[in-house]
Amino acid sequence: AALRGVMAPDKINLASLGNVVPHLHWHVIPRFRDDPHFPNPVWGAKQRNTPHATPSDLNTQLSQALSRRLARAPETE
């Protein structure tokens, strides 16, 4: 929700991987119609050479949005 709120992507790709060492990690990738690979995966062939512009303070915006979301998360045991 934080990623959608800050970046307003056209869609989000989710990938779960666990390569050489057994583990699980997630890639949450915002996608835009004007990104170089859309609609292919970001690791696929480029469709165009027009990178999607991102705000210079993107990290700050995402950090603040995530902090707000996590602060409201109920604690569970």
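The values are calculated or read from the model by the stated rules, or taken from the named source; none is laboratory data. Because the structure is a prediction, the values reported are computed rather than measured. Methodologically, a virtual Cβ is constructed for each residue, glycine included, from the backbone with ideal geometry; neighbour enumeration extends over all protein chains shown. Side chains included, ligands, DNA and RNA excluded: accessible areas come from the protein's heavy atoms. Shrake-Rupley method; radii C 1.70, N 1.55, O 1.52, S 1.80 Å.
For Asn40 and Ile12, what does the FRET efficiency come to when R0 = 22 Å and r is the distance between their Cβ atoms, rounded to the nearest 0.05?
0.90
Taking Cα atoms, how many degrees apart are the long axis of helix 58-71 and the longest axis of the chain, rounded to 10 and kept between 0 and 90?
Around 30 degrees separate the two axes.
Output the peptides 47-56, 29-38 sorted from most to least packed, where packing is the average of other Cβ atoms within 10 Å over each peptide's residues.
So the order, starting with the most tightly packed, is 29-38, 47-56.
Would you work out which of His27, Asn40, Leu14 lies farthest towards the positive end of the dipole of the chain, given +1 charges on the beta-carbon of Lys and Arg and -1 on that of Asp and Glu, about the Cα centre?
My answer, from the dipole projection, is Asn40.
Pairwise over distinct Cα atoms, reciprocal of the mean inverse distance: report the Kirkwood radius of the chain in Å, one decimal place.
Numbers: mean 1/r = 0.0685 Å⁻¹.
The Cα-based Kirkwood calculation yields 14.6 Å.
Considering only protein heavy atoms and a probe of 1.4 Å, how much of the accessible area of the chain is carbon and sulfur, as a whole percent? Please list the in-between numbers first.
On the way: 3340 of 6060 Å².
That share works out to 55 percent.
Let me check I've understood the local charge: for Ala1, count other residues with C-beta under 11 angstrom from its C-beta, Lys and Arg +1, Asp and Glu -1. What total comes out? Could you put the intermediate results ahead of the total?
On the way: positive: Arg4, Arg68, Arg69, Arg72; negative: none.
Taking every other residue near Ala1 into account, the sum is +4.
Using a 7 Å offset from the Cα along the Cα-to-Cβ direction at both Leu3 and Trp26, what is the distance between the two label points in nm, to one decimal?
Modelled inter-label distance: 0.8 nm.
What whole-number value in Å² describes the accessible area per residue of the range 17-77 for a 1.4 Å probe? Could you put the intermediate results ahead of the total?
Working: 5150 Å² over 61 residues.
On a per-residue basis, the range 17-77 sits at 84 Å².
If one computes the Cα centroid of the range 40-77 and of the range 8-29, what distance in Å separates the two points?
Each part reduced to its Cα centre gives a spacing of 13 Å.
Quick check on the range 9-52: take the gyration tensor over C-alpha atoms, sort the square-rooted eigenvalues as a ≥ b ≥ c, and tell me if it's rounded (a/c under 1.5), prolate or oblate.
Numbers: a/c = 3.79, a/b = 2.05, b/c = 1.85.
Taking the square roots of the gyration eigenvalues as a ≥ b ≥ c, the range 9-52 is prolate.
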